[in-house]
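To keep things clear, I will list the structure first and then write my remarks on it.
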Amino acid sequence: MAGSRRDADQKEKAPPAAPPQQQPGREEEREWVPWIVPVFVAANVALFAVAMYANNCPAHARGGRGGRKCVGAGFLRRFAFQPLSQNPLLGPSSATLQKLGALVWDKVVHEHQGWRLVTCIWLHAGVVHLLANMLSLVLVGLRLEQQFGFVRVGVIYLVSGVGGSVMSSLFIRDNISVGASGALFGLLGAMLSELFTNWTIYTNKAAALVTLLFVIAVNLAIGILPHVDNFAHIGGFLTGFLLGFVLLMRPHYGWAQRYVLPSSVKDVGRKFLAYQWALLALASVLVVIGLAVGMAMLFRGVNGNEHCEWCHYLSCVPTARWSCGK
């Protein structure tokens with residue numbers, strides 16, 4: 001009895017267990033709560049509603065008489081879509097999109113409206129266009145933001161969107177361009193470079209690489225169809241690919257494993273490998289030079305097609321079923 005009582009007293013006096021402390025260096029594996037991607041989605045949807053309100057198809061369709069041709073005029077009223085013959089994507093007119101900031105080469109170059117390189121990525125040509133881009137943004141963007149946080153994902157999205165706008169303007173002069181496709185392809189490009197720069201922490205490397213390359217190839221292949229601005233896709237992809245090396249670098253596998261190894265094991269190496277630093281340095285230089293040269297060429301009025309006679313095939317390949325005319 002006495003022995004049992006002493007044991008009980010010792011248990012009562014034992015200090016409470018200290019709460020587990022986060023191991024140093026593990027902040028890189030923190031899972032962020034995504035909010036910037038939902039904000040981007042909400043902003044795109046809100047601006048599409050603004051575009052439809054400003055469009056007011058029933059009032060502007062030939063003095064109001066053409067209002068019956070507006071899609072959904074009976075219940076959507078001023079939010080009705082343009083006639084399908086004018087906009088098959090269920091959206092506003094080209095004139096409305098131009099007023100709200102669509103990418104127009106002549107206005108950017110001759111009227112010095114460079115802000116259109118940014119505003120165009122927040123506008124969409126129609127409901128179909130909007131839904132496709134927002135679904136892609138949610139599927140791709142949420143994963144990246146959970147892993148890397150809102151700052152890095154936000155920077156990649158916005159800068160890639162501008163990169164896509166610059167490349168589009170260098171090769172397309174006769175059509176307006178809107179949409180977040182360039183920014184979305186930037187996220188895809190960043191996912192690819194993130195796989196390369198963090199190669200040591202992945203287990204199923206080949207499967208991840210093949211899957212991602214397949215998704216990118218399918219989306220770029222869709223871009224060769226008529227009326228799709230594949231130059232914005234390519235420009236955004238290249239920009240995001242380079243930014244991924246700069247912003248999405250993680251500690252290598254050996255560094256992460258050091259925190260689960262016995263204390264007797266010494267340092268397993270540097271936090272980042274030499275090839276990671278090399279890719280970061282090279283990508284930093286290329287992305288700065290690429291954007292600077294692209295913008296300089298754009299504002300000087302350079303036509304990219306004059307320097308690359310075959311590049312127009314990157315955006316549209318003519319077949320027996322369709323042409324690539326203006």
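As a proxy for reagent exposure, ranking ASP174, ASP229 by other Cβ atoms within 10 Å from fewest up yields ASP174, ASP229.
Figure legend: label point modelled 7 angstrom from the Cα of TRP32 along Cα→Cβ; residues of the stretch 113-154 with amide N under 20 Å from it are 134-154.
Exposure proxy check: HIS233, HIS307 ranked by fewest other beta carbons within 10 Å?
Values: HIS233 28, HIS307 10.
So the ranking, lowest neighbour count to highest, is HIS307, HIS233.
Backbone N atoms of the stretch 83-97 closer than 19 Å to the 7 Å Cα→Cβ label point of GLN113 belong to residues 92-97.
Determine, for CYS120, CYS311, CYS316, the number of other Cβ atoms within 10 Å of each Cβ, and report the residues in order from fewest to most. Intermediate values should be presented prior to the final figure.
Values: CYS120 29, CYS311 15, CYS316 19.
Ordered from fewest to most neighbouring Cβ atoms within 10 Å, CYS120, CYS311, CYS316 come out as CYS311, CYS316, CYS120.
Debye-formula intensities of the stretch 31-314, expressed as log10 I(q)/I(0) at q = 0.12, 0.16 Å⁻¹, are -0.80, -1.25 (one equal scatterer per alpha-carbon, no solvent).
Since every read-out is calculated from the coordinates, none of them should be taken as a lab result. All of these numbers come straight from a predicted model, not from anything done at the bench. Backbone-built Cβ (ideal geometry, glycine too); neighbour counts: all protein chains shown.
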